[in-house]
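Heads up: the structure comes next, in structure tokens.
Taken together, the values in this text are just the output of simple stated rules run on the coordinates, not laboratory data. None of the values given here were measured: they were computed from a predicted structure. Note that we place each Cβ from the backbone using ideal geometry, even for glycine, and neighbour counts take in every protein chain shown.
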Amino acid sequence: MTIPKMIEIRQSFPPSKQIDIPALVAEQFAKAGVLREIRPGMRIAIGVGSRGISNLYDIVKATVEVLAGAGAQPFLIPAMGSHGGATPEGQIHVLAGYGVTAESIGVPIDARMEVRKVGEAFDGRDVVCSVAALEADAIVALNRVKPHTDFHGPMGSGIQKMLAIGFGKQVGANLAHQAAVHQGYLEAFREYARIVLEKTPVMCGVAIVEDQHHQTAEIEVLPRNQIVSGEARLIACAAELLPRLPLDEIDLLIIDEMGKEISGTGMDTNVIGREIHGYSSMLHGNGNGHGAGDGSSVGRSVMIHRILVCSLTAASKGNGTGLGLADFTTKRLVNALDLKTTYMNALTSLGVQTPKIPIYFDNDREAVEKSLATLASLHPERLRVVRIANTLRLEKMLASEACAEALKGRRDMAVAARAGDMEFDPAGNLLRF
């Protein structure tokens with residue numbers, strides 16, 4: 001199979017802001033007015049999740065220092081639902097992968113998985129919260145705000161979802177996703193978050209927004225009574241900053257790596273245009289599926305006929321949730337899977353399509369050739385092929401000459417002058433670009 005020649009393409013995004021993180025975090029806490037609520041010796045649980053947030057260590061460290069400076073005794077809680085294999089050790093290990101440890105931050109980590117019921121939602125469904133968080137005098141949820149991979153609306157992946165899912169540990173995450181089967185994601189998660197806000201000592205949220213370069217754009221401290229409205233405002237901002245692929249239609253998208261730190265689904269569905277329940281037989285809401293008018297349908301910004309994903313990031317710790325969104329993969333990615341961890345994540349979220357293993361090949365060259373062959377083109381040189389590092393980093397990519405032709409004249413695109421062969425190492429795997 002002839003592999004099209006590839007050209008380097010760069011998308012032009014505005015430059016990242018230069019942010020003094022400790023100063024900004026301190027300023028935001030002062031502006032929010034929540035420090036007035038702190039009493040000397042007050043124990044404050046800071047929830048930290050499993051996402052690969054840029055500058056996470058610095059933001060967590062700054063938050064701890066502000067709270068400690070106000071007289072509190074902060075500690076950390078892994079607020080990540082079932083991630084890390086749903087074990088205390090696994091969740092501590094996930095945080096350590098981002099440099100967040102008890103030693104580096106200087107405060108304890110309470111990773112207990114036990115939960116306690118705090119209320120009921122809808123038709124008597126339990127709402128639970130981490131016992132470690134409930135034993136604290138106050139709770140702070142620290143998370144990135146961005147469009148969710150499973151639904152759209154005024155709430156995404158952020159503070160409310162961390163309260164509903166992350167602080168619920170494995171049990172709470174599963175309960176919320178069960179409710180979503182009947183109510184839709186948006187409605188279910190908002191209701192669970194509302195009950196947690198009402199029934200637990202949440203003091204504030206530390207909301208982070210990232211730009212197209214995967215760098216910190218905004219940090220805002222949202223007091224308890226402003227979490228819902230503030231997150232709706234920030235999710236709109238984050239959606240504007242979400243990087244996108246520059247084409248409406250792609251024949252083959254090659255993704256070098258997927259991972260849990262990149263997206264909850266390994267590959268961001270907002271980028272690849274595929275729904276995690278794309279062929280699910282499960283009904284949502286009143287049997288109208290995810291697009292039941294509740295904002296829970298993932299928009300298709302691009303039509304991609306074939307997706308090949310080549311490897312799994314080390315930070316994923318073997319969690320390959322989202323692999324089922326691809327059409328093809330490689331033996332090395334399959335060998336990197338920790339099926340126990342992957343299945344725990346999928347069974348908790350009820351996303352049983354996402355961990356399915358696609359057709360896989362011994363190396364990247366074979367996978368590329370076979371993927372192209374399934375497109376049955378008489379003119380493979382005309383195929384639109386795009387290669388990206390991952391769905392977070394879209395500043396630079398490689399694209400076939402047909403893509404480059406389609407992008408000519410766009411001011412936001414820089415297209416290299418010459419095309420070259422797709423390069424592989426002696427083992428047949430793609431060279432990094």
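Two decimals is fine: what's Rg over Rh for the chain, C-alpha atoms, Kirkwood radius as Rh?
Working: Rg = 21.9 Å, Rh = 22.3 Å.
Radius of gyration over Kirkwood radius for the chain works out to 0.98.
Which of the peptides 74-84, 242-252, 97-107 is most tightly packed, and how do the rest follow, judged by the mean count of other Cβ atoms within 10 Å per residue? Don't skip to the end; give the middle numbers.
On the way: 74-84: 27.0, 242-252: 18.8, 97-107: 16.2.
Descending mean neighbour count gives 74-84, 242-252, 97-107.
When Lys and Arg each count +1 and Asp and Glu each count -1, what net charge do the other residues less than 11 Å away from Val228, Cβ to Cβ, add up to? Let's see the in-between values first.
Values: positive: Arg190, Arg194, Arg224, Arg233; negative: Glu231.
With Lys, Arg at +1 and Asp, Glu at -1, the net is +3.
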For segment 391-401, what does the Karplus curve 6.51 cos²θ - 1.76 cosθ + 1.60, with θ = phi - 60°, yield as ³J(HN,Hα) per residue in whole Hz, taken in order and with x for Gly and Pro?
7, 8, 10, 10, 5, 10, 8, 10, 9, 5, 4
Restricting to DSSP H runs of at least four residues, report the calculated mean residue ellipticity at 222 nm for the chain, -39500 (n - 2.57) per run over all residues, nearest 500 deg cm²/dmol.
-8500 deg cm²/dmol
Segment 41-94-segment 389-410 distance, computed between alpha-carbon centres (Å)
37 Å
Quick one: grab Rg to one decimal and Dmax as a whole number for segment 375-433, Cα atoms only, in Å.
12.9, 38
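Arrange the peptides 153-159, 425-431 so that the one whose residues have, on average, the most other Cβ atoms within 10 Å appears first.
Details: 153-159: 24.3, 425-431: 13.0.
Highest mean packing first, the order is 153-159, 425-431.
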Phi to ³J(HN,Hα) by Karplus 6.51 cos²θ - 1.76 cosθ + 1.60 over segment 417-428, Hz, x for Gly, Pro
6, 10, 9, x, 5, 5, 9, 10, 7, x, 7, x
Near the amide H of Ser311, under 5 Å away, which other amide H atoms are found, from residues 5 or more places off or on another chain, if H is placed in the peptide plane?
Glu257, Met258
Whose amide H sits under 5 Å from the amide H of Ala217, counting only residues 5 or more places off or on another chain, with H placed in the peptide plane?
Val209, Glu210, Asp211
Table column - 3J(HN,Hα) (Hz), segment 76-88, Karplus curve with 6.51, -1.76, 1.60, x for Gly and Pro
9, 10, x, 9, 9, x, 9, 5, x, x, 6, 10, x
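Which pairs, out of Lys117/Lys260; Lys331/Lys396; Lys356/Lys396; Lys260/Lys317; Lys117/Lys169, put more than 18 Å between their alpha-carbon atoms?
With Cα atoms farther than 18 Å apart: Lys117/Lys260; Lys331/Lys396; Lys356/Lys396.
By its C-alpha gyration tensor, with a ≥ b ≥ c as the square roots of the eigenvalues, how is segment 149-220 shaped: rounded for a/c under 1.5, else prolate for a/b larger than b/c, else oblate? Write out the running numbers ahead of the final one.
Details: a/c = 2.19, a/b = 1.42, b/c = 1.54.
Oblate is the answer for segment 149-220, as a/c is 1.5 or above yet b/c matches or exceeds a/b.
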For segment 21-240, take the alpha-carbon Rg, divide it by the Kirkwood Rh, and send me Rg/Rh.
0.93
The relative contact order of the chain, taking Cα pairs under 8 Å that sit 6 or more residues apart, comes to a percentage of 21 percent
So who's got an amide H within less than 5 Å of the one on Val128, skipping anything under 5 residues away but keeping other chains? H placed 1.01 Å off N, in plane.
Val118
